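Read through the structure below, which is laid out as structure tokens, and then see the notes.
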Amino acid sequence: MYIDVAGKYSGNAFGRLVSDNGLTANLYEQNGCAIKVFNLNYKKEAVYREAYIMSLIESLGIKLARVYQTGLRDGHHYIEMEYLNGPVQMDLMLQAIAADDKDGFFRLLREMTLIQLKIHSKPGVGLNSYCDLAAARIRASRHLDERQKQQ
């Protein structure tokens, strides 16, 4: 059984909570797999698109968690993938903003931008900008005040 809080999954059927800072999903770890559990009523086509994009990136030789499967449990779509031990990039960015660590934030943003450049330098991939996604997540974060969001 799960508890529904603003559409987010908060039970334990998917394992140990790794991150709940995502705008659209929480990240769990179970049996050596990462499971990204999307908010209730998150569109199925968006979940499949994300799994597809991850597969495209993997095919480009860029290190990324390998997708194993997608599914639906208790009304929540999820992507089960390889678990890569380490912090979640978005969590690190939000922590840097909350700590007023502009240098740290911009270092992380540069790292993500370099990955984006590598992805977009391959012909025929056509993926959306991570910078736009990160900016939307920062604006929606409940952990930051308005001044921090503007930085």
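The values are calculated or read from the model by the stated rules, or taken from the named source; none is laboratory data. If you're wondering where the values come from, they're calculated on a predicted model, not measured in any experiment. Methodologically, a virtual Cβ is constructed for each residue, glycine included, from the backbone with ideal geometry; neighbour enumeration extends over all protein chains shown. Heavy atoms of the whole protein, side chains included, go into the accessibility calculation; ligands, DNA and RNA do not. Shrake-Rupley method; radii C 1.70, N 1.55, O 1.52, S 1.80 Å.
Heavy-atom surface analysis with a 1.4 Å probe gives the stretch 1-101 a carbon and sulfur content of 52 percent of its accessible area. Size estimate for the stretch 58-112 follows the Kirkwood approach: the inverse of mean 1/r over distinct Cα pairs works out to 13.6 Å. Shown here is the pair-distance distribution of the stretch 1-87: with all Cα-Cα distances grouped in 10 Å bins from zero up to the longest one, the shares run 18, 53, 26, 3 percent. Taking Cα centre as origin and charging only the Cβ of basic (Lys, Arg, +1) and acidic (Asp, Glu, -1) residues, the dipole magnitude of the stretch 20-99 rounds to 180 debye.
Projecting the Cα atoms of PRO87, VAL37, TYR68 onto the charge dipole of the chain (Cβ charges, centred on the Cα centre) puts TYR68 farthest toward the positive pole.
Using unit Cβ charges (K, R positive; D, E negative) and no other charged atoms, how large, in debye to the nearest 20, is the dipole of the chain about its Cα centre?
With Lys and Arg at +1 and Asp and Glu at -1, about 300 debye.
Remark: the chain carries 59 Å² of accessible area per residue (probe radius 1.4 Å; ligands, DNA and RNA excluded).
Accessible area of GLU29 (1.4 Å probe, protein heavy atoms only, ligands and nucleic acids ignored): about 40 Å². Tell me the mean residue ellipticity at 222 nm calculated for the chain from its helices only (DSSP H runs of n ≥ 4, each -39500 (n - 2.57), averaged over every residue, nearest 500). Helix-only estimate at 222 nm: -12500 deg cm²/dmol. log10 I(q)/I(0), Debye, Cα-only the chain, no solvent, q = 0.14, 0.15, 0.18 Å⁻¹? Ignoring solvent entirely, the Cα scatterers give -0.75, -0.86, -1.23. State which stretch of the chain is the longest one without any exposed trypsin sites (Lys or Arg not before Pro), exposure meaning a DSSP loop state and at most 16 other Cβ atoms within 10 Å. In short, 67-141.
Classify the stretch 5-55 from the C-alpha gyration tensor, please: rounded if a/c falls under 1.5, else prolate or oblate depending on whether a/b exceeds b/c. Oblate shape, in that a/c is at least 1.5 and b/c is the bigger or equal ratio.
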